[in-house]
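Since the structure comes first, as structure tokens, the remarks are kept for the end.
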Amino acid sequence: MIAPLLSLLVPLSCAFVNLKPGVGKTTSAVWLAHALHESGRSPLLVDGDPAASALRWSELANGFPFPVIALPVGDVHRRVNDFLGDRQSVVLDAPQLEDHPRIARSIMRYADEWIVPVTPAPIELDRMAPILGEMADVQSLRAEPARSAVLLNRTNRPDATRTGPDADAREALTERGFKVLDTHIARLDLYAQSFGNPVQAKGSAYMDFAEELIKRQDEA
């Protein structure tokens with residue numbers, strides 16, 4: 001169970017980033033924000049994608065129980081705190097780096113945790129090398145280095161396995177220098193068909209994901 005850590009002076013800030021679209025950034029951002037809300041971490045969800053999918057989702061769902069703001073601009077890192085108030089976590093949905101590099105890099109300058117959602121398929125793993133260079137470039141612009149990790153998304157089974165494509169992907173990414181989170185998100189209609197609907201994160205893998213992120217922050 002996640003206990004709210006009300007004494008933290010610096011909110012947990014997490015950005016979902018990738019070079020390509022269609023990897024589950026928005027779904028993960030929305031579900032994580034709900035998990036943080038349900039754990040008492042009062043999130044702010046920042047939609048940095050010009051497509052505004054997270055904002056549209058909140059409208060279709062008749063609002064989320066936390067604020068959602070659209071900031072598809074190149075100076076997100078200078079503006080987020082104007083909307084933060086007493087919120088204890090910030091989740092940022094970044095656009096794909098290949099099409100909107102200025103916005104995505106600005107989001108990465110703000111967030112202390114960069115999460116890269118990756119489907120454990122060979123074509124997706126093959127696209128991962130260039131993002132290391134992007135991360136290194138943005139790290140050079142920060143006063144303090146950000147943490148980064150891969151979230152295995154749309155995996156074949158709900159539980160981790162020692163063999164098979166999910167395990168192979170974890171091993172391959174680790175060998176390439178990526179930190180792979182213990183939590184992974186299974187390929188389920190619960191997530192795939194959730195756009196536009198209210199979200200209840202309790203009992204889902206995203207509660208485990210939130211707990212792992214909080215633990216990583218505490219250990220940093």
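The values are calculated or read from the model by the stated rules, or taken from the named source; none is laboratory data. It should be emphasised that the depicted structure is a prediction, and the values quoted were computed from it without experimental measurement. Cβ coordinates were reconstructed from backbone atoms using ideal geometry, including for glycine residues, and neighbour counts include every protein chain displayed. Accessible surface is based on the protein model in full, side chains and every heavy atom, while ligands, DNA and RNA are left aside. Shrake-Rupley method; radii C 1.70, N 1.55, O 1.52, S 1.80 Å.
Would you tally the net charge around Trp57, using a Cβ to Cβ cut-off of less than 12 Å, leaving Trp57 out, and scoring K and R as +1, D and E as -1? Here the count lands on -3. Treating cross-link reach as a plain straight distance, find the lysines whose alpha-carbon is under 25 Å from the alpha-carbon of Lys20, omitting any fewer than eight places away in the same chain. Straight-distance partners of Lys20: Lys179.
Extents of segment 82-220, taken as max minus min of Cα coordinates on every principal axis and listed largest first, are 41, 35, 33 Å. Considering only the other residues whose Cβ falls under 15 Å of the Cβ of Gly196, what net charge follows from Lys and Arg at +1 and Asp and Glu at -1? Net charge in that neighbourhood comes out at -2.
Other residues whose C-beta falls under 13 angstrom from the C-beta of Arg127 contribute a net charge of -2, scoring Lys and Arg +1 and Asp and Glu -1. Here the dipole of the chain is about 140 debye; that uses its Cα centre as origin and unit charges on the Cβ of Lys and Arg (positive) and Asp and Glu (negative). Estimated from helices alone, the mean residue ellipticity of the chain at 222 nm is -11000 deg cm²/dmol (sum of -39500 (n - 2.57) over DSSP H runs with n ≥ 4, per residue). Heavy-atom surface analysis with a 1.4 Å probe gives the chain a carbon and sulfur content of 50 percent of its accessible area.
Could you tell me the relative contact order of the chain? Use alpha-carbon pairs under 8 Å, at least six residues apart, and round to a whole percent.
Numbers: 387 pairs, mean separation 56.2, N = 220.
Over the chain, the number comes to 26 percent.
Taking amide H positions as modeled 1.01 Å from N, with prolines and chain starts lacking one, the residues under 5 Å from Asn153 and 5 or more places away or on another chain are Val118, Thr119, Ile185. Taking every protein chain into account, the accessible area of segment 30-167 amounts to 44 square angstrom per residue (probe 1.4 Å).
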